[in-house]
Amino acid sequence: MVFNPLIVAALLSIAANAANDWSQPCLGSNCDWDITSGSGSGTVRLVGSQTGISDLTIAAGWQILDCDPASAEQEIRLVCVDVDKGCDHVTQNGAEGTVVRVPNSCGPMPFAVVSGIREHENQTIPASTLKRVKRGTDPTVKGIKLTTNFTAVDPQTHGNVTFFLIGSSLPGVAGNFTVPPPDATALTKRGLSNWAGEALFSIGKFNHTLQGSSPLSVDKTATLFDETFNCSAAGNLATFSGEAKVILDGKVDGQVSYGVVAAGSIIPPKLSEFGLFVGLDSTITGTLGLDTTVTGSIDSPKVPLFETGLPLLDFPKIFSVGPTFSVYAQATATLDAHLNFDVGLAYNIAGAQLFFPPNTNSAPSGGGFTPGNSSLKLSVSPNVTSNGQVAAHLIPTLAFGLDVLGGAAQASVRLDVDTSAALDLSLAAVADAGAGAGTSADDAAFGGCVDVTTGLNVQAGADGSLFGLFDAHPTVSLFSKTFDLFRKCFGSSPARRAIASRARAGREIGLLRRELGCSTSLLGDAVSIAEETVAGSR
């Protein structure tokens, strides 16, 4: 089962008070831990049997004497200073296999499993600690081995240990669960799904707006393709230099925030419920420039223009989300004419929301997606027969790397905002075009049609399945549309129909990809066909 995405919003409407109280020992069947530092926040709750979860902090009477703050696999040296607070709880039903809360200063993880306990050979206790040993307490120094290898723990010893967590990339939202997860008794009777159902019915109570999103800002220019040719004289062609060059300017400004909800068990390791939501507002602008005096095909790889990390959300060794923001560009073309082509990309994204994975009971992903004003310049050599296609993409991408239970399962969820521009032209020399009476001077050198479009395709997908919670390659479409930027035909009506028919046939079978090289015929200087700004309200 996966969470209804509205549950995510409900669970992130949480109180300001922290759920984890370090002054209270985790000696019952529940224990909480909060992310309260850094740029993100969240809460995780463990639920288990009375002996399945315990505590090695001062709240439970333990004083840590030696530990490694950087290691998840270690033996710590500690002493009980107040037996009345519950030091002996960890040994009930045997210490091994017990999940324990550890201080922030002893390892990168909030919880670990006891893999061994002994009387330590080093019984040295600082005088300041001895003064705090309560009368009646045995101050024997213990050595307790800790591990986060949850797979190695036998759940028959202390029973299953379940976790529930919520988190946000925004600071200051960690605290009590607004919709409390079940305790150990309720969990045994009703299971995980009932918690999700109760949260769903409670959605109407909440109206919470998250602020403080992470900024997105990039302004890059990339040369996607640049190749020159020294063309030898042939027939009536003199020696000349040819070039094919594609440049893309891209600019992205915006804000992004995300949150996550998950539930499962650390003993045995399993993820039962998961939901990710992403909020995005962005303005994307760019200009594609193509200049070619050669013929053939251009095919640039997907070029990374920019990449940066976004705030990490980490429940160490339980669940982590590592997001990155990247921008890619790509261009392809097949041409046989002297061509100068400049087209603008401009889109506004307002209130976009992704809920992943998709769920039949979930609110739909979507948002506001509108085109802005786009500039267009197109020049092509006259008196040639040409069938050409150009396509370019500027693709801002948000990727969320997911790691569950210390690497027991991994996946990546991505949100691609694919902005594109395309040119489709089918031109013929005047003699082929059948130019007749009434053809304007501007049209006299051309016969055929030119079509320029822009597009926006916003889609999410994933690699991996996270314990089979969703398909390995699921997709969610937020928006997909092609916009007509410019369309014009030249020459006489019969010629236009004939050439348009040939162009459609060419699109159906695809233009033959051929090696880029020198033209075998005179291309001539490019003549302007279009130079205008197209309103975004088209």
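The values are calculated or read from the model by the stated rules, or taken from the named source; none is laboratory data. Keep in mind the model is a prediction, meaning the values are calculated, not measured. Cβ atoms come from the backbone with ideal geometry, glycine included; neighbour counts cover every protein chain shown. SASA here: full protein model, heavy atoms, side chains in, ligands and nucleic acids out. Shrake-Rupley method; radii C 1.70, N 1.55, O 1.52, S 1.80 Å.
Data overview
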read-out	value
Strands (runs of 3 or more DSSP E) contained entirely in segment 79-163, each with at least 2 residues that are open to solvent by 20 Å² or more (accessible area, probe 1.4 Å) and free of Cβ contacts under 8 Å to residues at least 60 places away in the same chain	111-119
Residues located in segment 393-421, provided they are touching a residue at least 60 places away in the same chain (Cβ under 8 Å) and either over 28 Å from Ser214 (Cα atoms) or not in a strand (DSSP E or B) (or both)	Leu405, Gly406, Ala408, Ala421
Residue pairs meeting the criteria (Cβ under 6 Å; at least 6 apart or on separate chains; first among the hydroxyl-bearing types (Ser, Thr, Tyr), in segment 247-262; second outside any strand (DSSP E or B))	Ser257/Ser169; Ser257/Leu170; Ser257/Leu210; Ser257/Ser213; Tyr258/Ser169
Filter pass, Ala363 being of a type in the set (Gly, Ala, Ser), outside any strand (DSSP E or B), at pLDDT below 90 and farther than 16 Å from Thr475 by Cα	no
Hits in segment 306-335 (condition: aliphatic (A, V, I, L, M) and at pLDDT below 90)	Leu310, Leu312, Leu313, Ala331, Ala333, Leu335
Residue identified as hydroxyl-bearing (Ser, Thr, Tyr) and without any contact (Cβ under 8 Å) to a residue 60 or more places away in the chain among Thr324, Thr292, Thr285	Thr292
Leading residue by the ranking (nearest to Gly464 (Cα to Cα)) among those in segment 388-436 that are β-branched (Val, Ile, Thr) and modelled with pLDDT of 85 or more	Val413
Residue among Phe306, Phe341 that alone is surrounded by 16 or more Cβ atoms within 10 Å (Cβ to Cβ), touching a Lys or Arg at 6+ places or on another chain (Cβ under 8 Å) and under 28 Å from Asn230 (Cα atoms)	Phe341
Residue that is nearest to the chain's Cα centre (by Cα) [pool: residues in segment 266-286 that are open to solvent by less than 50 Å² (accessible area, probe 1.4 Å) and hydroxyl-bearing (Ser, Thr, Tyr)]	Ser282
Contacts under 6 angstrom Cβ, first residue in segment 440-454 being closer than 17 Å to Glu531 by Cα, partner among the hydrophobic types (A, V, I, L, M, F, W, C) and at pLDDT below 60, 6 or more apart	Cys449/Ala500
Test: Phe355 is at pLDDT below 90 and in contact with a helix residue (DSSP H, G or I) (Cβ under 7 Å, 6 or more places away or on another chain)	yes
